[in-house]
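Laboratory data are not the source of any read-out in this text; all were calculated from the coordinates shown. Quick caveat, the model's predicted, so the values are computed rather than measured. Cβ: placed from backbone, ideal geometry, glycine included. Neighbour counts: every protein chain shown.
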Amino acid sequence: MQMIWTGLLLAMTVLYSAVMSGGVSFTAPCYDDSVTVRLEERGEVRELSLQEYLTDVVLQEMPASFEEEALKAQCVAARTFTMRCVTEGGKHENADVCGDPACCQCYLDEEEGRGIYGADYEACREKVRSAVLATDGQVLTYDGALIEAAYFSSTGGSTESALAVWGGDVSYLRPVSSPEEPRISEVSLPFSAFRDMLPLSDLDGSPSAWFGSMTRTEGGAVETMVIGGKTYSGTELRRIFSLKSARFTAAVTDENGVFEVP
C-alpha cells in the first residue's frame, strides 16, 4: 500500500492560512483517550479511542521521519477533522470516519504499517504516538466552531481557496504561498483515450489544436480549460484524468496528450 504523504497542508493550509485570516484558536475540548471513534474499514465498523485512531492516521498521512513539530501539526489537523465528524456527523450512517483517503483520512493498521516501515515500525509508531500525546485534545476552531481541516499531499507552490475547490467560500481557507521542492508527476495518454474520456469535445483534426484557452485561480490551479471546443473546470479534468491536483499544464506530443502536475 503506497504511503500517502498528506502532512504538508497542515503547516501551510490549515495552520498558516487559518491563523493568518484571524479568529482561529487552539482548544482542548477532550482528552483523546476518552473519546471513541467509530471507524469503517473493509466493510466492518469498529470502535477505538481517538488517541489510538490518530496515531495510526498520522503514521500514514505523514512520514514518521518528519520533524516532531510537523508531526504535532498534522496531529492537530487530523484531530480537528475527526472531532468534526464525531460531533457533527460525517459521511457514513453507522461510522464517524472510514479509512479511505478519498473520503475521510488514511488509516494504517499494524499489518500495513509493518509492510511500510519494516523493522522500524514500533519505533516509528511510538514517535507518532508521542506527537499525539503532546497535542492531546488540541483542535483548531474559528469563531468557536471546529474548522474544516482539509489537507492534501503537496501544494505545488500555493494553497487554494475553498471557493475554487468546492464552490463555496470559507473565510479561513485562502490561497497562501507554500513553497516546496517540486515533485512533478506526468499523466500521458494516447489521443484515442482523450476521445473516449471527453466524448462531448470535438476532437477531430490535429491534436495540437485541441487545447484552447485556460484560466487559473488565485492559488494557481486551473479554473477553466477549453478542450475540443468545450469548457471544463480544472476539478473536472482532475477527476476525469485522475490528476494529483488541478494545478497542471497540458501539451501534446506526436502520439499522446500529456498533463504535468507539480
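Report, ordered by chain and residue number, the aspartates and glutamates lying within cross-link reach of Lys230, taken as a straight Cα distance under 15 Å and ignoring same-chain residues fewer than 8 apart. Result set, ordered by chain and number: Asp196, Asp202, Asp204. Neighbours of Asp120 by Cβ distance under 10 Å: Lys/Arg scored +1, Asp/Glu scored -1, total +2.
Across the range 161-167, coupling constants 3J(HN,Hα) worked out from phi with the 6.51/-1.76/1.60 Karplus curve, θ = phi - 60°, read 7, 4, 4, 6, 8, 10, x Hz, and Gly and Pro carry x.
Estimated from the Cβ-Cβ distance and a Förster radius of 35 angstrom, the FRET efficiency linking Ala251 and Asp143 is about 0.20. Rounded to the nearest 500, the helix-only mean residue ellipticity at 222 nm of the chain stands at -9000 deg cm²/dmol, with each DSSP H run of n ≥ 4 adding -39,500 (n - 2.57). How charged is the neighbourhood of His92? Take every other residue with its Cβ under 15 Å from the Cβ of His92, and add Lys/Arg as +1 and Asp/Glu as -1. That sum, taken over residues with Cβ under 15 Å, equals -3.
Straight Cα distances below 24 angstrom link Lys91 to the lysines Lys244, with same-chain residues fewer than 8 positions distant left out. Largest mean-square fluctuation among Glu67, Glu47, Glu112, in a Gaussian network model of the chain whose springs join Cα atoms under 10 Å apart, belongs to Glu67. Dividing the Cα radius of gyration of the chain by its Kirkwood radius returns 1.02 for Rg/Rh.
Report the net charge of residues surrounding Pro63, where surrounding means a beta-carbon distance below 12 angstrom and charges are Lys +1, Arg +1, Asp -1, Glu -1. Cβ neighbours under 12 Å give a net charge of -2. Once the chain from Glu260 to Ser34 is taken as fully extended at 0.36 nm per residue, the excess over their C-alpha distance is 76.8 nm.
Relative contact order of the range 185-261: 34 percent, from C-alpha pairs under 8 Å at least 6 residues apart in sequence. The modelled label-to-label distance for the pair Glu111/Asp136, using points 7 Å beyond Cα in the direction of Cβ, is 3.2 nm.
Taking label points 7 Å from Cα along the Cα-to-Cβ direction, Glu122 and Leu189 give a separation of 4.8 nm. Dividing the convex hull volume of the alpha-carbon atoms in the range 34-90 by its residue count gives 80 Å³ per residue.
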